[in-house]
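First up is the structure itself, then whatever we jot down about it.
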Amino acid sequence: MKRMIISILIMIGLAGVQSLAQERLTQTIRGTVYEKATMMPLPGANVVLTGSDPVVGTSTDIDGKFRLDGVPVGRAGIRVTYIGFNDVVMTSLNLSSAKELILTIEMEEMAVMGKEVVITATRDKTLSENEMAIVSSRSFTVEESQRYAGSRNDVARMASNYAGVYGTDDARNDIIIRGNSPSGLLWRLEDVDIPNPNHYGAMESTGGPVSILNNNQLANSDFFTGAFPAEYGNAISGVFDLNMRNGNDEKHEFLGQIGFNGFELGAEGPVSINDGSSYLVNYRYSTLEVFEKLGVEFGTGTAVPKYQDISFKVNLPRTKAGSFSVFGLAGKSDVSFLDSEKDTTREKLNFYGGEGYDLVNGSDLAVIGLNHTFFINPTTYSRFTLAATYHNFATDIDSISPETREILPYFRNNHTEQKLFASYKINKKINSRHLLKAGIQASSRFFDISDSVYNDKTLRFDRITEYDGSAFMLQPYAAWQYKITNDLTLNSGLHYQHFFLNNTGSLEPRLGVRWTFAERQSLSFGYGHHSQILPITIYFNQVRLPDGSYFKPNKELKMAGSRHFIAGYDINFNQNMRLKAEAYCQYITNAGVDGNEQNSYSLLNQGANFYVWTPDTLSNKGTGRNSGIELTLERFLSKGMYYLFTASLYESEYQGSDEITRNTAFNGNYVLNGLFGKEWALGRDPEKKKLRQYVLQVDVKAMYAGGQRYTPVRVEWDPAGNEYVANYDDEVTYSEKYKDYFRTDFRIALRQSSKKVSMEWAIDVQNLFNNQNIYNQKFNSKTGEVDYNYQLGMLVIPQFRIEF
């Protein structure tokens, strides 16, 4: 802690540094102003650069577009006003010398005229981009994922800083929301429900070691942690709703980046300046694989993570048939943990591999989609989406004879899913008080799934799961927003989903109310009934009969159900600081549990580690309950400083087929997060030959959380196998906790801006104090010892970024 205090004192001292530049670099701020409810442009809106003297401003043209040239590089703010609409104030915008700042601004019409209501960007940030969301939601910016210490440019890791999210696994970016399994999360990109968007991501899981999503291409997006709006289905814990930004439609811009996630190249620019069309593309290649090819060793042996990914978007607005966009995302990854190629008597066990096994794992992902937006009339628009996705996950495990080192086949896994996805939604503004949304989503999923284990007696692989077929799901929904007054809003909706594989369905009401009962203070309430089909492989589990045939005992399983009850209080102390509190209770029914025996197994614990065991026969008799309270104190970036403090206290319990109430694997009980960031303008190049400006950024994050749950191990000697064996006591499943998790991350960055080029050098120190956080237990069958695998030690990650 002395080192932390010294760092803080240094930061306070640096706060006195003043800008030395007399002449400043400038850049352009431009964009489009829309009405939020109809997405129609607002001509004649006034756009003013805040803090300018004399006042610098302009008005939007007939297409709602505006342009402010000659704006000094650095932090900037604008204020947008339009008669009959709530003002929009955007502060601390990051204006780079190498990239124009292009904004999409949405304004809300006042429900009742005569009372001024100002919505600032900082207050908007506490809400979501989706106007139908009331509780447990917030929008986030790309800059947050770039500058938050420890985020590694990953939006999932960034979200672990928010209240209600438990993220104590340094190896993966799984999002555990309010004690739920990470499998309960929905990933949505450009209105398409996508598979796991992570390298090495398994089917039906939602996390992985490295994200395929590229934060450089994202626009402001939404994150939901409960009672989400009616348009979202097939999820019971939360939703990540991501939007890709459009490329620059007037000039070509380029990006180069080297860091933890890889070597990266990006480009954007106009397809045709005349019609406003643009492109955006980014490619990334594994950093460690590049160094391996150069002959540089990092001590990982054969386990070098190899991956690459690409993402793109082409935007075609202003066509006679409406606006079109085409987008895509693809990633490929593989890694090998070859225990057969090391001396196990001298080397430590691999963190991911196992004692006496070779493991080869890989995954592939591809998403391509088309969006068509059509404006039927000034108050009504529709959007049609068509997409195809592909996801493959494969694992080969071979055992190694301890005596002869012979490699013997053990386990084979190959899961492939292809999906065709289509959705249509219509948005109708009746008047300033009433807004209607309705839509339907359809998906047809095609599977080729096989799991098999080698049988030493029959000398062949026994099939655990095998399916080659399809499944169809339909999800219609409708939502209504009623602004009773400017201070009281009611959102309601209804979602239905039907799974045609076994003809199960679920009708799900949604409700949200917000009441601004005093200036800067509001109360909110939300309710949501949500359902999710079980992991698709569960439905296709096979049981081998004595005659050699197979049958599928789980095909008729129902969807898991979840009911969310949420109450919240929000107070904005001023334009840049707020406190938010939420209390919630979630009840889960129809959870998958063992259908043959009375024990502690439940699908609600899926995702607790890399290794998953599932009984061959399940039933829907499982239940769960999550409850807690969350606090958020936040200062939005203003005058070069921000901070975010969150506290979550919760209980997460479940019942297996034995109907005994136990802790879930994710019941850490508490999570505390603290983030602080400061930036200073240091001035221009001291040589004064070229105009350059420098900005120093320092960011610190600390996280303290309850330790991960685990089941105690009983070690016994097996004379038949001439080895020790470890047995888990089912009666005390997840009854114990590892020691509490603590980690501090530190990031320092220097950004240099010149006339046409911007560069940033950054160092991100993960686990600054090298705290030893336990990952899991490990067992040595030769010695009978039970020890621990530890998570990430101190890791220094340099990064370089250039924009031009």
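If you take the residues of region 286-309 that are at pLDDT 85 or above and open to solvent by 50 Å² or more (accessible area, probe 1.4 Å), which of them is farthest from Leu329 (Cα to Cα)?
Lys306
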Residue ID - most open to solvent (accessible area, probe 1.4 Å), chosen from residues in region 81-110 that are assigned to a loop (DSSP other than H, G, I, E, B) and farther than 21 Å from Gly44 by Cα: Lys99
Residue match in region 748-760 (condition: farther than 24 Å from Gly259 by Cα and part of a loop (DSSP other than H, G, I, E, B)): yes
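Can you go through Phe461, Phe500, Phe447, Phe472 and tell me which one is at pLDDT below 95 and open to solvent by 30 Å² or more (accessible area, probe 1.4 Å)? Let's see the steps before the verdict.
Values: Phe500 fails: at pLDDT below 95; Phe447 fails: open to solvent by 30 Å² or more (accessible area, probe 1.4 Å); Phe472 fails: at pLDDT below 95.
After applying the criteria, what remains is Phe461.
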Residue within region 29-38 that is within 18 Å of Ser753 (Cβ to Cβ) and at pLDDT 90 or above present: yes
Residue tally, condition over 23 Å from Lys552 (Cβ atoms) and either acidic (Asp, Glu) or in a strand (DSSP E or B) (or both), over region 590-626: 4
Candidate set: region 625-639, residues that are touching a Gly at 6+ places or on another chain (Cβ under 9 Å) and in contact (Cβ under 8 Å) with a residue 60 or more places away in the chain; chosen: the one farthest from Arg147 (Cα to Cα): Asn626
Residues of region 268-282 satisfying the condition of being open to solvent by 20 Å² or more (accessible area, probe 1.4 Å) and either at pLDDT 95 or above or assigned to a strand (DSSP E or B) (or both): Val271, Ser272, Tyr279, Val281
Conditions (1) closer than 22 Å to Asp740 by Cα; (2) of a type in the set (S, T, N, Q); (3) not in a strand (DSSP E or B): number failed by Ser657: (1)
Leading residue by the ranking (nearest to Asn780 (Cα to Cα)) among those in region 363-413 that are within 28 Å of the chain's Cα centre (by Cα) and of a type in the set (Ser, Thr, Tyr): Thr395
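What do you reckon, is Trp515 more than 23 Å from Ala560 (Cα to Cα), free of Cβ contacts under 8 Å to residues at least 40 places away in the same chain and not polar (S, T, N, Q)?
Values: more than 23 Å from Ala560 (Cα to Cα): yes; free of Cβ contacts under 8 Å to residues at least 40 places away in the same chain: yes; not polar (S, T, N, Q): yes.
Yes.
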Pairs where the first residue, in region 268-280, is over 8 Å from Gly247 (Cβ atoms) and the second is aromatic (Phe, Trp, Tyr) and buried (at least 17 other Cβ atoms within 10 Å of the Cβ), C-beta under 7 Å, 6+ apart: Val271/Tyr279
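Yes/no matrix, rows are residues, columns are (1) touching a His at 6+ places or on another chain (Cβ under 7 Å); (2) open to solvent by 20 Å² or more (accessible area, probe 1.4 Å):
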position	(1), (2)
Glu582	no, no
Gln586	yes, no
Ala591	no, no
Asn596	no, yes
Leu604	no, yes
Thr617	no, yes
Gly622	no, no
Arg625	no, yes
Leu631	no, yes
Residue list for region 699-730, restricted to those being under 35 Å from the mean Cα position of the chain (by Cα) and among the hydroxyl-bearing types (Ser, Thr, Tyr): Tyr704, Tyr710, Thr711, Tyr728
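Check Asn243, Asn198, Asn220, Asn216 and return the single one that is within 17 Å of the chain's Cα centre (by Cα), of a type outside the set (Phe, Trp, Tyr) and crowded, with 24+ Cβ neighbours inside 10 Å. Walk me through it before giving the result.
Details: Asn243 fails: crowded, with 24+ Cβ neighbours inside 10 Å; Asn220 fails: crowded, with 24+ Cβ neighbours inside 10 Å; Asn216 fails: crowded, with 24+ Cβ neighbours inside 10 Å.
None of the others qualify; the one that does is Asn198.
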Extreme residue, modelled with the lowest pLDDT, among residues of region 774-802 that are open to solvent by 60 Å² or more (accessible area, probe 1.4 Å) and among the aliphatic types (A, V, I, L, M): Val786
Verdict on Asp170 being among the charged types (D, E, K, R), under 23 Å from Gly628 (Cα atoms), open to solvent by 10 Å² or more (accessible area, probe 1.4 Å) and at pLDDT below 95: no
Region 60-80, subset in a strand (DSSP E or B), under 31 Å from the mean Cα position of the chain (by Cα) and not small (Gly, Ala, Ser), residue modelled with the lowest pLDDT: Arg75
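The values are calculated or read from the model by the stated rules, or taken from the named source; none is laboratory data. Keep in mind it's a predicted model, so treat the numbers as computed, not measured. Because the Cβ atoms are built from the backbone with ideal geometry, glycine has one as well, and the counts that use them run over all protein chains shown. With ligands, DNA and RNA removed, areas are computed over all heavy atoms of the protein, side chains included. Shrake-Rupley method; radii C 1.70, N 1.55, O 1.52, S 1.80 Å.
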